[in-house]
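J.: The structure follows.
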Amino acid sequence: MKKIILLSILFFTCWVTHAQKLETLIREALENSPEIQKFELQHSIVSEKVNEVNTVPNTELGLGYFVSEPETRTGAQRFKISARQMIPWFGSITARENYVKSVADAKYEDIVIAKRKLLVAVSQSYYVLYANKAKQRVLSENIDLLKTYEILALNSVESGMVSPVDVLRLQMRQNELEQLREVLEQQYLAEQTALNKLLNRDKSVGIQVVSELEIPSDDTVVEEEKLSLHPELIKYDRLYQSVEQSELLNQKESKSMIGFGLDYIYVEKRPDMDFSDNGKDVLMPMISLSIPIFNKKYKSETRQNQLRQLEIESQKQERFNKLESILDKSVKDRNSAAISYRTQTRNLEQAKNAEEILLKNYETGTIDFIDVLDIQELQLKFQMSQIESIKSYYVQSTIINYLSS
């Protein structure tokens with residue numbers, strides 16, 4: 001399992017080389033997560049039950065005092081001490097141990113699944129923070145650009161080439177972008193809190209994300225055949241095996257139990273007689289057999305186990321279908337993100353070319369700041385879409401890796 005987790009961390013962090021490495025955050029989350037600790041404790045509790053079932057029934061001890069003393073030829077019986085021990089059928093204790101171990105194996109898969117899900121949650125939160133910070137940076141750059149346009153517009157107003165209304169438009173656009181940037185700052189703090197809680201630490205701890213991410217030019221090969229080995233599906237195999245062990249235990253418990261015992265009776269000597277066995281105590285070894293004549297209970301348990309196995313097989317197939325659908329959708333969504341990124345890159349280049357043409361017109365005194373605002377708005381739209389495409393690509397990659405690694 002450790003190998004799987006390390007490979008997953010490597011996949012998620014192969015492009016993250018600056019700021020706080022995602023790998024570091026993932027390791028911290030795995031070490032400190034209360035949810036992981038919860039599943040580990042549950043597994044330990046179930047594993048400890050092996051010692052609980054590795055026992056035989058309690059030994060029965062009895063003490064009886066004869067209120068009305070029965071007289072025998074050798075004397076009066078005063079009291080009786082008895083001890084009995086029932087022993088399960090051969091192999092019953094081993095069957096119990098095997099059943100508990102199979103349940104513990106199924107519980108262990110919960111730990112593996114929880115670690116994978118935590119890895120995905122931390123990674124996706126990290127990429128949300130990256131996108132948020134990247135958008136803030138783009139907005140700041142656009143605000144600075146608008147301030148430059150404002151200076152140009154003010155100069156043009158003095159020369160009578162531009163209306164004061166154009167200056168006001170530029171200022172209002174700056175206010176709008178500043179508002180968006182401040183909203184993003186609040187959203188960043190909220191997501192930072194969510195990520196810190198995944199790491200089980202104070203919500204106010206600052207998180208510095210990587211400054212830039214790029215979509216790889218080569219598509220990563222998705223090994224879809226590995227889906228059948230996913231822990232969520234392996235868990236159903238473990239559950240199936242636990243039912244098999246439960247049936248083996250049921251078969252053992254439907255057998256007889258053998259009991260061994262010993263009765264001791266104290267006999268008081270007869271004072272009026274003198275013979276060799278006078279006052280001789282009674283010692284009686286015993287053997288008993290517990291026969292489950294009414295075994296309808298065990299037959300019913302066998303039928304229930306058969307139905308449980310069929311249920312588990314259906315659940316596994318249902319889960320496989322869902323995971324396969326999720327994997328296929330994630331692959332398609334990641335491909336779409338890459339396509340969108342390339343399209344927005346081309347659009348952004350063309351928008352910048354248009355901007356350069358408009359600014360060159362400023363030298364001739366024919367600049368139209370309405371067109372400038374339109375182009376600037378398009379640029380911002382393409383930049384934001386580009387960032388969303390990058391985020392989507394990596395978020396979908398976390399899902400793909402969760403299902404196919």
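J.: Sort through Glu23, Glu69 and tell me the only one that's at pLDDT below 85 and charged (D, E, K, R).
T.: Checking each option against the conditions leaves just Glu69.
J.: Going by the conditions given, is Asn132 free of Cβ contacts under 8 Å to residues at least 12 places away in the same chain and either in a helix (DSSP H, G or I) or in contact with a Pro (Cβ under 7 Å, 6 or more places away or on another chain) (or both)?
T.: no
J.: Got a sec? Which of Leu180, Leu227, Leu213, Leu195 is more than 26 Å from Ile400 (Cα to Cα) and not β-branched (Val, Ile, Thr)?
T.: Leu180
J.: From the list Lys332, Lys316, Lys381, which residue is touching a residue at least 60 places away in the same chain (Cβ under 8 Å) and of a type in the set (D, E, K, R)?
T.: Lys316
J.: When residues of the stretch 72-84 are filtered for being buried (at least 16 other Cβ atoms within 10 Å of the Cβ) and either at positive phi or at pLDDT 85 or above (or both), how many remain?
T.: Qualifying residue count, the stretch 72-84: 4.
J.: Please state which one of Glu97, Glu69, Glu109 is among the acidic types (Asp, Glu), in contact with a Lys or Arg (Cβ under 8 Å, 6 or more places away or on another chain) and either part of a helix (DSSP H, G or I) or surrounded by 19 or more Cβ atoms within 10 Å (Cβ to Cβ) (or both).
T.: Among Glu97, Glu69, Glu109, only Glu109 is among the acidic types (Asp, Glu), in contact with a Lys or Arg (Cβ under 8 Å, 6 or more places away or on another chain) and either part of a helix (DSSP H, G or I) or surrounded by 19 or more Cβ atoms within 10 Å (Cβ to Cβ) (or both).
J.: Return the residues of the stretch 252-274 that are part of a strand (DSSP E or B) and either loosely packed, with under 11 Cβ neighbours inside 10 Å or of a type in the set (A, V, I, L, M, F, W, C) (or both); say none if nothing qualifies.
T.: Correct list: Met257, Ile258, Phe260, Leu262, Ile265, Val267.
Residue-wise test of (1) at pLDDT 95 or above; (2) more than 26 Å from Leu61 (Cα to Cα); (3) assigned to a helix (DSSP H, G or I).
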position: Val243; (1), (2), (3): yes, yes, yes
position: Leu248; (1), (2), (3): no, yes, yes
position: Ser276; (1), (2), (3): no, yes, no
position: Leu289; (1), (2), (3): no, no, no
position: Tyr298; (1), (2), (3): no, yes, yes
position: Gln309; (1), (2), (3): yes, yes, yes
position: Ile312; (1), (2), (3): yes, yes, yes
position: Leu323; (1), (2), (3): yes, yes, yes
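J.: Restricting attention to the stretch 173-216, and to residues there that are among the charged types (D, E, K, R), in contact with a Lys or Arg (Cβ under 9 Å, 6 or more places away or on another chain) and not in a loop (DSSP other than H, G, I, E, B), which single residue is farthest from Thr345 (Cα to Cα)?
T.: Lys197
J.: May I ask you to list the residues in the stretch 339-352 that are among the hydrophobic types (A, V, I, L, M, F, W, C) and in contact with a helix residue (DSSP H, G or I) (Cβ under 6 Å, 6 or more places away or on another chain)?
T.: Leu348, Ala351
J.: Further question on the same structure: All but one of (1) small (Gly, Ala, Ser); (2) touching an Asp or Glu at 6+ places or on another chain (Cβ under 8 Å); (3) surrounded by fewer than 19 Cβ atoms within 10 Å (Cβ to Cβ) hold for Ala131; which doesn't?
T.: The number of the failed condition is (3).
J.: Here's a follow-up. Among the residues of the stretch 278-290, how many are surrounded by 10 or more Cβ atoms within 10 Å (Cβ to Cβ) and among the β-branched types (Val, Ile, Thr)?
T.: The total comes to 1.
The values are calculated or read from the model by the stated rules, or taken from the named source; none is laboratory data. Bear in mind that the values here come from a model prediction, so they are computed numbers and not experimental data. Positions of Cβ are generated from backbone atoms using ideal geometry, with glycine treated the same way; all protein chains shown enter the neighbour counts.
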